[in-house]
Amino acid sequence: PLLEDLLSGKIGDPEYSLKNGIILRGNRVMIPKNLQPHVLRELHSTHVGMAKMKALARNYCYWRGIDQDIENTVNSCRPCCDVRADPPKAPLHAWEQPRHNWERAHMDYAGPFMGHHFFILVDAKSKWPEVFSLKKAPTSSHTITFLKDVMSRHGIPDILVSDNAAIFKSQEFSNFCKSYGIRQRFISPGHAATNGQA
């Protein structure tokens, strides 16, 4: 019916056109129902994964429901499921609500950005940020200096949350935390969102 409608001029949708007897949607070839399984097999022949299959399809071919058909094809393919790049995410750790300011603080480094690294420390209760700029690569000593500055104004946090960077896991930094009675908590590798405060 689509071919007939295009030939008769009933379809005024500029997305669809007819070229040499082939229906196009934009620049993509409209694939008839009987050829869709063959095209899916071709798109999936090298097991490139769902995202790449969809990207290929978006460049070359179209039919209603193609994205869902691609998802079904990949999800029913054992080799693709075994090596899937996006395994189901583990639930994020929910931090307890702190009772007072600076009970728990989250810290991280950002950068380099425009030649600077930035030490970011955020109080989990008040959401108050402290940011320090550094023109060279950060070290544990820099972090200790920044923390002493913050502690002189806000007090000593009970808990410091960070990622597993060597700066935060060094003996120097560990000794600093112990000397002030600060407990360190590290987020799980690959779960940066659990340190979302910083």
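No lab work stands behind these numbers, since they all come straight from the coordinates. Note that this is a predicted model, so its numbers are computed, not measured. As a convention, Cβ positions derive from the backbone with ideal geometry for all residues, glycine included, and neighbour counts pool all protein chains shown.
Over region 2-82, how many percent of alpha carbon pairs lie in each 10 Å bin up to the one with the longest distance?
17, 46, 24, 11, 2
Which entries in Lys125/Lys178; Lys148/Lys169; Lys135/Lys178; Lys33/Lys54; Lys148/Lys178 show an alpha-carbon gap greater than 21 Å? Mind showing how you got there, number by number?
On the way: Lys125/Lys178 23 Å; Lys148/Lys169 18 Å; Lys135/Lys178 28 Å; Lys33/Lys54 18 Å; Lys148/Lys178 14 Å.
Where the Cα-Cα span goes over 21 Å, the pairs concerned are Lys125/Lys178; Lys135/Lys178.
Quick one: compute the contact order of region 104-195, relative version, from alpha carbon pairs under 8 angstrom and 6+ residues apart, as a percent. Intermediate values should be presented prior to the final figure.
Working: 137 pairs, mean separation 23.8, N = 92.
Once divided by the residue count of region 104-195, the mean separation gives 26 percent.
Given Cβ point charges of +1 (Lys, Arg) and -1 (Asp, Glu) and nothing else, what value in debye, to the nearest 20, does the dipole of region 104-195 about its Cα centre take? Write down the numbers at each step before the final one.
Values: 11 positive and 7 negative charges, 21 e Å.
Using only the charged Cβ atoms, the result is roughly 100 debye.
³J(HN,Hα) across region 177-184 via Karplus (A = 6.51, B = -1.76, C = 1.60, θ = phi - 60°), whole Hz, x for Gly/Pro?
4, 4, 5, 9, x, 8, 8, 9
Please arrange Met30, Met107 by counting, for each residue, the other beta carbons lying within 10 Å of its beta carbon, fewest first. All intermediate terms of the calculation are to be shown ahead of the outcome.
Numbers: Met30 18, Met107 24.
Ordered from fewest to most neighbouring Cβ atoms within 10 Å, Met30, Met107 come out as Met30, Met107.
Evaluate E = 1/(1 + (r/R0)^6) for Val48 and Tyr16, where r is the Cβ-Cβ distance and R0 equals 30 Å; express this FRET efficiency to the nearest 0.05.
Working: r = 28 Å, r/R0 = 0.94.
The formula returns an efficiency of 0.60 here.
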